[in-house]
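Here is the structure we will look at.
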């Protein structure tokens with residue numbers, strides 16, 4: 001796909017709806033639309049931002065009654081000429097309008113191409129482009145707030161401020177490279193080291209938001225674990241409200257993890273049902289248990305399910321996890337275990353109490369705080385870690401009194417790492433990887 005091509009795609013979800021929008025972008029966008037649009041005037045003569053009512057035709061056959069809006073470059077989403085055709089909702093009529101646009105000369109837009117062009121044309125940086133999909137995929141109010149904050153450019157501004165400070169430090173160092181006879185005196189070296197320390201603090205502060213960013217985008221990681229037949233899969237099904245996992249009296253039924261998305265009290269969770277932990281010589285079951293231990297170690301909230309009959313003998317809970325005493329329907333008296341939640345996963349008794357305890361483990365104030373400021377994603381985290389490592393090496397180089405050329409190499413590498421976050425000097429494969437995850441039409 002060449003950047004000079006005019007592209008088109010359906011910009012609304014497929015299926016029945018009130019309207020369906022076909023978006024066209026590129027140098028020939030208005031000409032393509034004029035070939036199939038019949039209205040009071042030609043679209044090329046319409047003032048930017050005006051809406052014109054008309055008919056889309058395929059040859060002499062009317063396809064749909066529509067509203068067409070023209071946006072002229074650079075004052076459009078992509079920075080190019082854009083036409084948006086709003087027609088009646090429905091898969092068949094939307095396909096017909098899109099087919100007419102493509103036959104008029106437009107090319108089908110690949111996933112993320114509209115937003116990619118917006119980035120390439122300077123309408124947004126790479127963090128803002130990623131925020132577009134974060135906003136579309138937001139599963140809760142906090143996640144939506146975080147996406148809007150990033151779309152407004154807050155993260156991009158912080159990264160650019162750090163890059164500007166790093167450029168100033170590098171320029172100071174380059175002066176010593178240009179005049180090697182001067183060398184770096186102790187006082188100047190201390191000033192440079194102080195600037196690097198300040199940059200490290202900025203990077204560490206951004207890295208500290210990674211866990212909150214993951215929870216906002218992916219959901220709080222809730223892991224259910226315990227012995228076989230304790231009721232882990234039954235609890236998963238109860239929380240979801242439908243039978244997602246097989247339930248059997250045969251130990252070892254669940255051999256791999258099962259993951260599902262769930263919203264509790266407006267908070268998005270990523271719930272994980274794991275294989276039961278017990279002694280076993282079965283290689284498959286052993287691998288399942290290895291994965292269970294890994295997921296428990298990475299959990300934001302861990303729920304350990306035990307048979308309430310076993311709890312009568314005393315079962316210590318690990319620090320930080322929520323203990324669930326299941327199968328209370330089989331006992332005449334429920335054992336008292338401090339902090340445990342007594343449940344029956346068959347009839348739902350104790351579910352509301354468990355939900356309250358789980359939600360209470362989430363630091364809502366922290367999520368709200370990061371939702372309104374900055375919360376980095378996994379790609380940002382990797383770039384920041386690389387930049388931090390380079391800055392630490394630069395600091396060590398200054399402390400050792402290395403030649404300024406060696407320190408400059410580390411600073412330039414850190415500068416490239418920060419630039420990759422916003423797309424400054426980005427590699428083509430980075431763009432391909434990011435925009436391939438977008439939906440078509442965005």
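Okay, residues lined up against (1) modelled with pLDDT under 90; (2) in the same structural domain as residue 13 (by TED's automatic domain parsing); (3) crowded, with 16+ Cβ neighbours inside 10 Å:
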| residue | (1), (2), (3) |
| --- | --- |
| 96 | no, yes, yes |
| 99 | no, yes, no |
| 108 | no, yes, no |
| 111 | no, yes, yes |
| 114 | no, yes, yes |
| 133 | yes, no, yes |
| 146 | yes, no, yes |
| 161 | no, no, no |
| 168 | yes, no, no |
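Only strands (runs of 3 or more DSSP E) whose full extent lies in the range 6-110 are considered here, and the ones with at least 3 residues that are in contact with a helix residue (DSSP H, G or I) (Cβ under 8 Å, 6 or more places away or on another chain) and under 28 Å from residue 136 (Cβ atoms) are 7-10, 19-25, 61-71, 82-88.
Note on the range 113-146: residues that are more than 16 Å from the chain's Cα centre (by Cα) and part of a helix (DSSP H, G or I) total 7. Flag set for residue 177, criterion: surrounded by fewer than 20 Cβ atoms within 10 Å (Cβ to Cβ), touching a helix residue (DSSP H, G or I) at 6+ places or on another chain (Cβ under 7 Å) and within 27 Å of residue 383 (Cβ to Cβ).
The values are calculated or read from the model by the stated rules, or taken from the named source; none is laboratory data. Note that the structure is predicted; figures quoted are calculated from it, not measured. Note that we place each Cβ from the backbone using ideal geometry, even for glycine, and neighbour counts take in every protein chain shown.
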